[in-house]
Amino acid sequence: MPLPPLRLGVNVDHVATLRNARSGERPDPVRAALLAIEAGADGITAHLREDRRHIRDSDMARLKAEISKPLNFEMAATEDMLRISLATKPHAVCLVPERREELTTEGGLDVVGQHNLLAPFIARLNDAGIRVSLFISADPPQIEMAAKLRAPVIEIHTGGWCDAVVDGHADKAEAEWQRIVEGAALARAAGLEVHAGHGLDYQTAETISALPEIAELNIGYFMMGEALFVGLGETVRQMRSAMDRGRRKVASRP
Ligand code: PXP
């Protein structure tokens with residue numbers, strides 16, 4: 001199978017988190033998105049949460065109107081979000097689980113348990129020409145169900161692996177990594193496009209870029225933290241370089 005190009009989607013949620021700390025208009029997540037694109041991002045991701053804790057409805061509308069690259073609209077599978085996404089017409093919708101009390105998206109979507117709810121939802125987005133991606137853990141039953149549900153894309157939740165790497169839990173990191181490697185291969189064999197995201201930094205992004213099945217990484221929190229020190233443009237360029245280094249390892253394999 002030919003190697004898919006590797007895209008970088010920059011998640012701007014946490015520019016909005018900072019803005020909302022003072023309830024004003026600055027810093028502006030749309031300005032961050034434009035800057036990230038200028039520096040080499042291939043797309044912009046934003047999560048409109050039910051509690052609107054970071055991205056607002058008006059941010060999504062402005063992102064769609066003002067950016068020149070694909071918009072990936074992350075959301076929970078609710079009727080309200082379906083209505084907003086169909087009106088916004090983003091390039092893609094990534095369906096994620098959502099619980100009010102969580103700090104961030106803590107686990108993957110349970111597509112096995114929720115397939116009855118998700119099937120018509122995915123069909124309506126497919127019919128509207130919006131590419132659907134399901135944010136799931138790299139578990140075979142979840143991957144197989146994602147393919148059955150006719151979602152063209154899955155995004156593998158890398159949070160558990162990244163946390164284990166950062167915390168120095170080598171055994172857990174290795175087990176999580178193997179799950180991702182096997183899951184990515186299974187998903188590709190099932191005809192799914194494979195994305196990955198959550199908790200990635202330069203090191204883990206470089207490592208996962210060496211998996212030939214991966215077509216896109218969506219990264220936010222680490223990059224916004226780095227941007228405080230070196231600027232967002234420089235952070236995007238460094239992330240791109242890390243991904244390119246990882247990708248070269250695929251190309252150089254015998
Ligand atoms: N992909 C999905 C589906 C997410 O929910 C998130 C977090 O909003 C990310 C990627 C980015 O994760 P992080 O901000 O940890 O890089």
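Listed values, structure above:
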| item | result |
| --- | --- |
| Residue list for the stretch 93-121, restricted to those being in contact with a strand residue (DSSP E or B) (Cβ under 6 Å, 6 or more places away or on another chain) and either closer than 18 Å to L48 by Cβ or among the charged types (D, E, K, R) (or both) | V93, C94, L95, V96, L109 |
| Hits in the stretch 25-38 - residues which are out of contact with any Leu (no Cβ under 7 Å at 6 or more places or on another chain) and touching a residue at least 60 places away in the same chain (Cβ under 8 Å) | E38 |
| Helices (runs of 4 or more DSSP H) wholly inside the stretch 115-173 containing at least 3 residues that are without any contact (Cβ under 8 Å) to a residue 24 or more places away in the chain | 115-127 |
| Selected residue (criterion: most open to solvent (accessible area, probe 1.4 Å)) from residues of the stretch 214-233 that are away from the ligand (no atom under 13 Å from the Cβ) and free of Cβ contacts under 8 Å to residues at least 60 places away in the same chain | F229 |
| Among (1) out of contact with any helix residue (DSSP H, G or I) (no Cβ under 8 Å at 6 or more places or on another chain); (2) open to solvent by 60 Å² or more (accessible area, probe 1.4 Å); (3) under 30 Å from K89 (Cβ atoms) - the single one E174 does not satisfy | (3) |
| Some residue of the stretch 42-63 being touching a residue at least 60 places away in the same chain (Cβ under 8 Å) and not in a loop (DSSP other than H, G, I, E, B) | yes |
| Selection count where residues are within 14 Å of the ligand (Cβ to nearest atom), within 14 Å of E155 (Cβ to Cβ) and open to solvent by less than 10 Å² (accessible area, probe 1.4 Å), scope the stretch 181-204 | 5 |
| Count - residues of the stretch 234-245 that are buried (at least 20 other Cβ atoms within 10 Å of the Cβ) and either farther than 21 Å from E155 by Cα or touching a residue at least 60 places away in the same chain (Cβ under 8 Å) (or both) | 4 |
| Subset of the stretch 136-162 [surrounded by fewer than 23 Cβ atoms within 10 Å (Cβ to Cβ) and within 10 Å of the ligand (Cβ to nearest atom)] | G159 |
| Every pair of residues 6+ apart whose Cβ atoms lie under 8 Å, when the first sits in the stretch 71-100 and is more than 20 Å from I136 (Cα to Cα) while the second is open to solvent by 30 Å² or more (accessible area, probe 1.4 Å) and hydrophobic (A, V, I, L, M, F, W, C) | L86/A128; T88/A61; K89/A128 |
| Of the criteria (1) within 15 Å of the ligand (Cβ to nearest atom); (2) open to solvent by 30 Å² or more (accessible area, probe 1.4 Å); (3) hydroxyl-bearing (S, T, Y), which one S252 fails | (1) |
| The stretch 92-122 - residue that is near the ligand (Cβ under 10 Å from one of its atoms) and either at pLDDT below 90 or over 23 Å from G9 (Cβ atoms) (or both) and, of those, least open to solvent (accessible area, probe 1.4 Å) | T105 |
| When residues of the stretch 200-241 are limited to those that are assigned to a strand (DSSP E or B) and aliphatic (A, V, I, L, M), the one farthest from L71 (Cα to Cα) | I214 |
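Results for (1) open to solvent by 70 Å² or more (accessible area, probe 1.4 Å); (2) within 16 Å of the chain's Cα centre (by Cα); (3) basic (K, R), shown as yes or no for each residue.
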{"residue": "P4", "(1), (2), (3)": "no, no, no"}
{"residue": "R19", "(1), (2), (3)": "no, no, yes"}
{"residue": "D42", "(1), (2), (3)": "no, yes, no"}
{"residue": "T78", "(1), (2), (3)": "no, no, no"}
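The values are calculated or read from the model by the stated rules, or taken from the named source; none is laboratory data. Here the structure is a predicted model, which is why all the values come from computation and not from measurement. Neighbour counts are summed over all protein chains in view; Cβ atoms, including those assigned to glycine, are modelled from backbone coordinates with ideal geometry. Only protein heavy atoms, including side chains, enter the accessible area calculation; ligands, DNA and RNA are left aside. Shrake-Rupley method; radii C 1.70, N 1.55, O 1.52, S 1.80 Å.
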